[in-house]
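All remarks here apply to the structure that follows.
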Amino acid sequence: MLVEIRGAGDIATGIALRLHRAGCKVVMCDLPTPTSIRRTVCFSEAIRLGECEVEGVRARLAHSLAEARTIVVSGEVAVLVDPEGASARELRPAVLVDAILAKRNLGTTMDMAPVVIGVGPGFTAGRDCHAVVETKRGHYLGQVILDGPAAPNTGIPGVIAGHSADRVLRAPADGVFEPVLQIGDVVRAGQVAATVAGVPMTCTIDGVLRGLLQAGVEVTAGMKSGDIDPRCERAHCFTASDKARAVGGGVLEAICMFTSRLEG
């Protein structure tokens, strides 16, 4: 079964891991210059580096649809530069998953594949997709919704070890992002993690730096540019998160629900 995933950030990668291990052939699509924060667990890094590996699964950049097909047949995940998801018209996947997590629908429609799954806010099952998977932390995380929308976006990050919005690092100015620290570094509040146009972006809390934009990205003031995990488990920086796994399980469940449609 060929599955195309719009987006290749950390949640999309968690979905890809679940589907790949379940036997699906996975093609992912992202921006020419991805803005993924938790780069060590994002297949979007294949766009920047040519290839990358997360939890033993390798992803490679495909420069054409033919190359994408070759990559997935070889047992790897293919990553395309295709922010619009235009490749779906020719690849004709059995399932299309929109995991961009833009908090709104950026052009996904129910006719893009036999089964279309929207991830998180911005999608309504029965209107622009066949199923929605909940991404809000809490009791319903990973739930498959067959009629109606996901929970609305609150704009407030989920709570981890008592911290919410304060664990997110945001660009202090417009300009080019220049990291000072690396993902996996143990940090203290007030420590400089990066600079933008000479303005320091300082750590907000103590913990481990779980996410940080790559050097050279153009950012705007207030743009999410880093993430600190107060649990201070360095290994968490290099494996898919609990949230990504839960959402990935929800997508896999939704695909199983529609198996008869795919086989028909």
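Key figures
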item	result
Candidate residues L101, L65: accessible-area rank, largest first, probe 1.4 Å	L101, L65
Per-residue SASA entry for K103, accessible area with 1.4 Å probe, Å² rounded to 10	100
Per residue Cα convex hull volume in Å³ - calculated over the chain	113
Reachable lysines from K25, criterion Cα separation under 30 angstrom, eight or more residues apart if same chain	K103, K136, K243
Share of carbon and sulfur in the accessible heavy-atom surface of the chain [1.4 Å probe, %]	51
Computed over segment 156-264, the ratio Rg/Rh where both radii use C-alpha atoms and Rh is Kirkwood	1.13
Length-normalised contact order for the chain - Cα pairs under 8 Å, 6+ apart - percent	20
Probe 1.4 Å, accessible area per residue of the chain, Å²	43
With DNA, RNA and ligands ignored, accessible area of C256 (1.4 Å probe; Å², nearest 10)	80
Per residue, the convex hull volume that the Cα atoms of segment 26-179 enclose (Å³)	146
Simple Cβ-charge dipole of segment 107-216, Lys/Arg +1 and Asp/Glu -1, about Cα centre, in debye nearest 20	240
Cα radius of gyration and Dmax for segment 1-98 (Å)	11.4, 31
Separation of alpha-carbon centers, segment 198-264 and segment 35-80, rounded to whole Å	16
Neighbour net charge for A197 - beta-carbon separation under 10 angstrom, K R +1, D E -1	-2
Rounded to 5, percent antiparallel among DSSP beta bridges of the chain	55
Cα convex hull of segment 169-209 - mean projected area over all directions, nm²	2.4
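The values are calculated or read from the model by the stated rules, or taken from the named source; none is laboratory data. None of these values were measured; they are calculated from a predicted model. Note that each Cβ is placed from the backbone with ideal geometry, even for glycine, and that neighbours are counted across all protein chains shown. Heads up: the accessible areas ignore ligands, DNA and RNA and are worked out on the full protein's heavy atoms, side chains in. Shrake-Rupley method; radii C 1.70, N 1.55, O 1.52, S 1.80 Å.
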